[in-house]
Amino acid sequence: MNATRAIDLEDADGLLAADRDGLLRAASSAGAQVRAIAAAVDEGALETLRSSDRARSVIWVAGRGSAESAGAMLAATLGGAASAPITVLSEAPPWVGPLDVLVVATDDPGDPAIVGAAATGVRRGARVVVAAPYEGPLRDSTAGRTAVLAPRLPVPDEFGLCRYLAAGLATLHAVDPRLSIDLAALADELDAEALRNSAARDLFTNPAKTIAARLSEHHVALAGDGAGMLALARHGSSTMLRVAHHVVAAAGLADAVVALRSTAGFGSGLDQAASSADALFHDEEFDGPLPERLRVLALTLTDDRTVTAARVAGLDDAYLVTAQDVPDAPQPSTGAGRAEQQLAVLAVRLEMAAVYLRLVRG
């Protein structure tokens, strides 16, 4: 049996040759997915949502995966600014009615919970948006009485979060035109992020490759503070498992800090791992191998970077990750400004890191 040749992250040709399933292209398509949603909106896909009557609520129904994460991010970032509260559920609530906007988001048009939610919304007179393939039972149950934002690009669900985000942003803007939503700017930012993470760029100027290198051969936790960042951490953890077949924990920042301090000797558990000083003078020939240390990637918004940095100060195995982080780039990125844009940028970065981690493992 021939051994699988390991591929280095700096080997652009090797990475591209190993990408037989087109994962890099799929992970780089976030900008195109957002533009497809914008094109559908320009064609009038959401005209039925526009009304002089103010919506009582926006209900986001998603069963699992990227759609659920996108709903949590939308609620966390825009819940306080939108004129109607945003609720994320796994099925249609019993109180849904004509004053509500119901968004069903999934990659499976045969999901019974999603089909049932859409049918309930239509039957009770709610304004229903389908952010899913409009076919099969989902189409049959709604009989054309919905606004449809079906995917126009065939992309695996693990790379579809930005499409769901764009569908949610477009829906919120249709319901509340006062919200400042610019899908074209979001698409441009995601394209720029994909370019920064392209295989041809070396490790020290490629944020996704940098994350992949930090994840490799370590126990790693993605940590976030707040609902939006926690949703991003869960999405990153899920993507790492589904794409790279690599187990990465998702946790709140407070929990991750406690774990790091205990393993670094600042709290309980001093006997469970070596401190930084111990590691410096450790000799494997005499002392045996060091216990594997926990490494934490702290995901944070640009405005929260200073606070997050203070919380992980003194912890050698904690790394901050923000949308503006472009290591040693000749022209540093200006970064995405709005919170939902930063979350989308970081989602693309984590997705591409998962692809690189899979490719280098063969």
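Just so you know, all these numbers are worked out from the coordinates, no wet-lab data involved. This one's a predicted model, so the numbers in the text were calculated from it and none came from an experiment. Positions of Cβ are backbone-derived with ideal geometry, glycine not excepted, and every protein chain shown enters the neighbour counts.
At a glance:
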| item | result |
| --- | --- |
| Low-density loop positions, trypsin sites (Lys or Arg not before Pro), region 159-197 - DSSP coil, at most 15 other Cβ in 10 Å | Arg178 |
| Which of Trp95, Trp60 has the fewest Cβ neighbours within 10 Å, and the rest in rising order | Trp95, Trp60 |
| Region 29-183, relative contact order [Cα under 8 Å, separation at least 6], % | 32 |
| Within region 19-119, GluC sites (Glu not before Pro) in DSSP loop having at most 10 other beta-carbon neighbours inside 10 Å | Glu43 |
| Förster radius 30 Å - calculated FRET efficiency between Phe204 and Arg293 (Cβ-Cβ, nearest 0.05) | 0.85 |
| Net lengthening on full extension, Ala227/Arg124 (0.36 nm per residue, minus Cα-Cα) | 34.0 nm |
| Estimated distance in nm for a label pair at Gln324 and Asp140, the labels positioned 7 Å out from Cα along Cα-to-Cβ | 5.3 |
| Relative contact order (%) - criterion: Cα under 8 Å, at least six apart; region: the chain | 21 |
| Sequence-separation-based contact order of region 20-99, relative, with Cα cut under 8 Å and 6+ spacing, percent | 32 |
| Extension reserve of the Ala185-Leu153 stretch, reckoned as 0.36 nm per residue once the Cα distance is removed | 9.6 nm |
| Value at 222 nm in deg cm²/dmol, rounded to 500, when DSSP H runs of n ≥ 4 in the chain each add -39,500 (n - 2.57) | -13000 deg cm²/dmol |
| At least 24 Å along the helix axis (C-alpha) and Kyte average at least 0.5, DSSP helices within the chain | 339-361 |
| Nearest-0.05 FRET efficiency for Trp95 and Arg20, computed from C-beta distance (R0 56 Å) | 0.70 |
| Neighbour-limited loop hits for trypsin sites (Lys or Arg not before Pro), region 52-83 (at most 14 other Cβ within 10 Å; DSSP other than H, G, I, E, B) | Arg54 |
| Gyration tensor verdict on region 29-183 (Cα atoms; rounded if a/c is under 1.5, prolate if a/b is larger than b/c, oblate otherwise) | rounded |
| Likely footprinting exposure, Ser29, Ser90, fewest C-beta neighbours within 10 Å first | Ser90, Ser29 |
